[in-house]
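The values are calculated or read from the model by the stated rules, or taken from the named source; none is laboratory data. Please read all numbers here as calculations on a predicted model, not as lab measurements. Cβ sites come from the backbone with ideal geometry, for glycine too, and all protein chains shown count toward neighbours. Ligands, DNA and RNA are stripped out before the accessible areas are found, and what is left, the full protein with its side chains, is counted by its heavy atoms. Shrake-Rupley method; radii C 1.70, N 1.55, O 1.52, S 1.80 Å.
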Amino acid sequence: SSHLKTLDISLYDTKITNECLKILSESFSGNQPCSLETLKIYLGQNSHISGPGFEKLFIENSFLLKKLKHLTLNIENTKIPQTSLRKFKQFLKENPTNLEELLIDTDSNAKVEDLVKQIMDIIS
């Protein structure tokens, strides 16, 4: 909806799929009026989410990231590969956004945690 400012999809036991992320991405594409400023999304503990869904929402849909001011992601124990996170990092480096706050929760994988820290440092 064009008047929606905050979307919180952070219920712990959601069964969001890559197809759900595709639909969400299409809902906030450049062709749609958008006033969304805050997005909280819990993808953690979800084996249905992988790189393509994540990339569709956060890399291929540059319009969404240009509008958001606050983004909170939980990607603990997902199948989102480091390559998708690297693409996200590169996208943020190359494209101006309105992001003022970016929080990413992840599992205790040291390589992923280091990559997430690098991503968050771009915004701070």
TODO: Report the label-to-label distance for Ser35 and Ala110 in nanometres (one decimal), using points 7 Å from each Cα along the Cα→Cβ vector.
DONE: 4.8
- [ ] With a ≥ b ≥ c taken as the square roots of the eigenvalues of the C-alpha gyration tensor of the range 60-107, please select rounded if a/c is under 1.5 and otherwise prolate if a/b is larger than b/c or oblate if it is not?
- [x] oblate
Task: Extension reserve of the Lys15-Gln118 stretch, reckoned as 0.36 nm per residue once the Cα distance is removed - done: 34.2 nm
TODO: Among Asn46, Phe28, Ile16, pick out the residue whose Cα is farthest towards the positive end of the charge dipole of the range 5-86, where Lys and Arg carry +1 and Asp and Glu carry -1 on C-beta, about the Cα centre.
DONE: Phe28
Open item on the list: For the chain, set up a GNM with springs between Cα atoms under 10 Å and report which of Ile75, Ile23, Ile49 has the largest fluctuation.
Closed with: Ile23
TODO: For the chain, with all protein chains present and a 1.4 Å probe, just round the carbon and sulfur fraction of the accessible area to a whole percent.
DONE: 49
TODO: State the antiparallel share, in %, of DSSP beta bridges confined to the chain, rounding to the nearest 5.
DONE: 0
Open item on the list: For a 25 Å ceiling on Cα separation, which of these pairs sit above it: Lys5/Lys111; Lys40/Lys87; Lys56/Lys79; Lys15/Lys40; Lys66/Lys89?
Closed with: Lys5/Lys111
- [ ] Please sort 78-84, 89-95, 53-59, 108-114 by packing, taking for each peptide the average over its residues of neighbouring beta carbons within 10 angstrom, highest first.
- [x] 53-59, 78-84, 89-95, 108-114
Task: Estimated FRET transfer efficiency when R0 is 25 angstrom, pair Ser47-His3 (beta carbons, to 0.05) - done: 0.15
TODO: Compute the relative contact order of the chain as a whole-number percentage, counting only Cα pairs closer than 8 Å that sit 6 or more residues apart in sequence.
DONE: 24
Task: For the chain, size of Cβ-based charge dipole, Lys and Arg +1, Asp and Glu -1, in debye - done: 280
Open item on the list: If I take all pairs of Cα atoms in the range 26-92, what percentage of them are more than 17 Å from each other?
Closed with: 42
